[in-house]
Amino acid sequence: MSTDAAINTGVSDDAHEHHDHKPSGFFARWVLTTNHKDIGSLYLLFSFAMFLTGGAMAMVIRAELFQPGLQLVEPNFFNQMTTVHGLIMVFGAVMPAFVGLANWMIPVMIGAPDMALPRMNNWSFWILPFAFSLMLMTLFMEGGGPNFGWTFYAPLSTKYSPDSTAVFVFAVHLMGISSIMGAINVIVTIVNLRAPGMTMMKLPLFVWTWLITAFLLIAVMPVLAGAVTMVLTDKYFGTSFFDAAGGGDPVMFQHIFWFFGHPEVYIMILPSFGIISAIIPTFSRKPLFGYASMVYATASIAGLSFLVWAHHMFTTGMPVAAELFFMYCTMLISVPTGVKVFNWVATMWRGSLTFEVPMLFAIAFIVLFTIGGFSGLMLAITPVDFQYHDTYFVVAHFHYVLVSGAIFSIMAASYYWLPKWTGYMYDDYLAKWHFWCSLISVNILFFPMHFLGLAGMPRRIPDYALQFANVNAVVSIGGFAFGLSQLIFLVVVIKCMRGKGERASAKPWEGAEGLEWEMPSPAPYHTHTTPPEIK
Amino acid sequence: MSSSAQHQSSDKATNYYVPSQSIWPIVGAVGLFLMALGAAMWIADGAAQYSWLLFFGAVIIVFMLFGWFGNVITESMTGLYSAQMDRSFRQGMSWFIFSEVMFFLAFFGALFYARMIAVPWLGGAGNNGMTHELLWPEFVAHWPLVTTPDGTTTTAMPWQGLPLMNTVILLVSSVTLHYGHVSLEKGRRTETKLGLGLTVLLGIIFLVLQVEEYIHAYQEMGLTLSSGLYGNTFFLLTGFHGLHVTLGTIILFVLFCRVLKGHFTPAQHFGFQAGSWYWHFVDVVWLCLFVFVYIL
């Protein structure tokens with residue numbers, strides 16, 4: 001502890017920040033860090049580890065579903081796999097990846113010396129490994145881990161849930177605390193730490209989309225905390241929030257959950273919009289078409305996200321007036337989203353396009369995310385949703401927007417900024433393999449699921465009727481291929497981190513613009529110690 | 001960013017202060033982990049040793065808060081913070097309070113949904129006639145829900161008496177705190193101590209009366225956490241509010257000690273301001289509680 005005591009006085013060694021030296025020693029560098037770039041790297045590495053963990057669970061699911069009948073796992077374990085796969089991918093993979101990108105890029109992009117509250121930034125990150133240890137621990141407890149789906153609907157999560165549910169509840173609380181602190185940091189950094197001359201309407205779109213995402217996070221993560229708390233008291237303390245016998249209502253759980261859940265969906269896609277809005281102009285060698293409309297579209301999507309939650313609940317017996325209200329509000333979201341897709345295409349129109357790997361992922365994002373958006377529109381139509389509800393059509397829809405949407409944009413961002421982070425270019429040959437394998441396999445994996453759903457195959461069931469056998473086998477093959485393809489990405493990242501490959505210049509992309517390209521690659525440990533003047 | 005540019009900048013007082021490494025966040029993360037693990041296992045398993053884990057985690061958190069805030073206060077008093085830093089703190093605190101508002105909104109939302117929708121539907125309102133007929137035909141929808149569909153009975157807490165007194169106490173405490181705040185801004189330290197001390201005292205009285213109310217509810221009125229949706233919403237809303245009053249009182253007490261040590265100046269007293277905002281927020285939550293839980 002003696003060395004720690006010397007470190008944590010903070011004041012005496014404040015001269016430290018004026019050097020570019022990294023702290024020595026693993027513990028001091030990574031565990032005690034207040035550096036936004038180190039914390040960003042930690043977030044990104046953690047999220048990748050979680051992506052592979054959640055991916056392994058998806059492999060179990062697809063292996064079980066390869067053939068009809070129960071093959072490999074017990075139904076209860078299958079349910080735990082679908083549940084924990086969802087929880088890990090949402091809270092452990094996609095969200096931390098975006099927070100990692102925000103940490104790395106926002107201070108650099110807006111000319112700030114670091115995040116506004118650097119110590120809290122460290123705390124936000126280091127809560128996460130503990131939270132996910134708790135979550136994964138439940139799988140080894142008596143009675144197993146959470147098996148009620150990542151949406152933990154009551155009474156599955158109250159009356160019929162395993163003993164470990166309390167651990168799940170507190171793990172979610174920790175994730176929420178981490179997310180809220182991370183989001184507060186992002187907002188304060190953007191509002192308060194912009195360099196002189198960096199006006200709001202000059203902000204890179206990635207920064208804008210994150211500003212709005214952070215607002216959504218602070219608004220809805222506490223509601224999730226409320227929902228899990230009511231689940232906890234219903235299960236262990238005799239309350240009946242979600243039990244009609246005591247005057248409550250299981251449907252009320254769904255209202256509270258989706259009031260969190262739908263903005264959460266946009267939390268997982270708005271930063272993607274920012275990433276794509278950075279990459280498309282770079283490789284089109286044209287400025288982004290319709291910058292202001294992009295900002296307003298993002299804000300509109302965020303505003304509407306609070307008015308559409310019950311489109312997840314069309315079959316619960318709501319009054320028709322409510323169903324119609326939520327149907328029309330949902331459809332309204334396609335307008336600002338359409339603006340975005342139009343602007344990206346218009347940016348590429350008559351541009352001098354080149355197809356480096358970030359651009360390939362970005363274009364794939366636009367096409368595949370739009371497919372996911374269209375299936376979302378189909379789901380928004382109340383009467384037909386009665387047919388699609390809880391089928392593989394829904395699974396296909398949200399995996400198109402989350403895997404070939406959010407995850408593809410994270411891949412695009414990684415390839416785009418890896419040279420800036422590590423100082424080395426990625427292995428282009430392997431990266432192209434990664435892209436094409438991912439692109440083909442993701443469609444083999446998720447596209448046939450639309451047909452399975454339309455034909456009536458329910459989700460979250462370990463067995464299925466015989467007529468679904470062939471399509472499920474194809475889907476599983478796509479799943480294994482997609483999972484294996486991500487190992488190529490692992491190799492690419494490790495090669496960059498270990499300094500194998502071509503040295504990256506300060507601005508490896510000809511058409512790139514922004515403050516991050518005006519500093520050497522890799523970015524120095526401390527940047528913008530003096531705020532740059534933005535003209 | 002050449003190093004010479006950085007050295008020049010170190011002379012400027014306006015530079016944003018970026019702290020070097022700190023042990024406190026990881027201590028806080030470990031503390032939270034132990035608290036979460038202890039609480040969860042205690043609830044799920046009931047074994048007493050887990051309550052010790054919870055307690056141990058809480059001790060670590062208190063230790064962390066002392067160390068962390070200690071660092072921040074030292075940094076502030078040595079003049080490392082600029083006006084920009086002050087704004088970061090203010091904005092951070094505002095957004096934290098906004099997150100707290102949303103947390104309470106979840107429980108108020110549950111209360112409103114139950115009152116306006118769930119309970120009337122169980123009584124057959126709208127097109128729910130068959131629900132009523134098939135599930136609990138005897139059930140009559142009314143609020144406060146003193147008889148649940150499955151027949152649990154309880155009594156409703158009247159708003160006169162203790163709750164009304166507590167409302168007055170909290171309202172007065174907001175005034176005394178504001179008085180202390182204004183005095184601090186004018187540099188009158190004695191009045192600051194008086195205002196702040198009175199607020200802490202009122203906070204403690206509020207909590208004592210609330211405990212009194214709970215004992216009364218449990219022992220004489222048959223109103224418990226498990227007596228149907230009325231008891232659920234009553235105890236979770238007032239309980240979480242009470243936790244916030246407890247936290248607020250501790251915060252104000254720490255501020256009181258800091259005022260005694262001569263910590264704040266009329267120009268720079270973010271800590272005081274943050275504690276004061278928090279207290280006023282807790283006060284507003286109580287007013288909503290008083291109207292929607294007790295009176296209506």
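Coordinate-derived values only; no laboratory data. Nothing here was measured: the structure is a model prediction, and the numbers come from that model. When we count neighbours, we look across all protein chains shown, and the Cβ atoms used for this are built from the backbone with ideal geometry, even at glycine.
Here are the numbers for this structure:
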{"quantity": "Dimensions (Å) - region A:463-529, Cα atoms, principal axes, largest first", "calculated": "63, 25, 24"}
{"quantity": "For region A:473-487 and region B:133-148, distance of Cα centres in Å", "calculated": "53"}
{"quantity": "Against the rule of thumb 2.2 N^0.38 Å, how large the Cα Rg of region B:106-219 comes out", "calculated": "1.66"}
{"quantity": "Per-selection Kirkwood Rh - region B:160-269 (Cα, Å, 1 d.p.)", "calculated": "15.3"}
{"quantity": "Protection-proxy order for peptides A:345-352, B:174-181, A:251-258, each taking the mean of Cβ atoms within 10 Å per residue, highest first", "calculated": "A:251-258, B:174-181, A:345-352"}
{"quantity": "At 1.002 mPa s and 20 °C, Stokes diffusion of region B:83-295 via Kirkwood alpha-carbon radius, µm² per second", "calculated": "112"}
{"quantity": "Contact order relative to length of chain B, as percent, for alpha carbon pairs under 8 angstrom and 6 or more apart", "calculated": "15"}
{"quantity": "Computed helical MRE - 222 nm, chain A, DSSP H runs ≥ 4 contributing -39500 (n - 2.57), nearest 500", "calculated": "-21000 deg cm²/dmol"}
{"quantity": "Overall Cα dimensions of chain A, principal axis frame, Å, largest first", "calculated": "64, 60, 45"}
{"quantity": "Amide H within-cut-off set for A:Tyr424, under 5 Å, with H built and near neighbours excluded", "calculated": "A:Ala504"}
{"quantity": "Taking only Cα atoms of region A:47-251, radius of gyration then Dmax in Å", "calculated": "19.6, 64"}
{"quantity": "Residue-wise HN-Hα coupling along region B:207-219, computed from phi with Karplus coefficients 6.51, -1.76, 1.60 (Hz; x: Gly, Pro)", "calculated": "5, 4, 5, 5, 4, 3, 5, 5, 4, 4, 4, 6, 8"}
{"quantity": "For q = 0.27 Å⁻¹, Debye-computed log10 I/I(0) when each Cα of region B:159-201 counts as one equal scatterer", "calculated": "-0.79"}
{"quantity": "Percentage, to the nearest whole number, of Cα pairs in region B:18-80 over 20 Å apart", "calculated": "39"}
{"quantity": "Compactness of region B:41-185, expressed as Rg and Dmax over alpha-carbon positions, Å", "calculated": "24.6, 72"}
{"quantity": "Whole-Å semi-axes of the ellipsoid equivalent to region A:132-173 (Cα gyration tensor, √5λ, descending)", "calculated": "15, 11, 8"}
{"quantity": "Spatial extent of region A:378-521: Rg and Dmax, with the Cα atoms as the point set, Å", "calculated": "19.7, 59"}
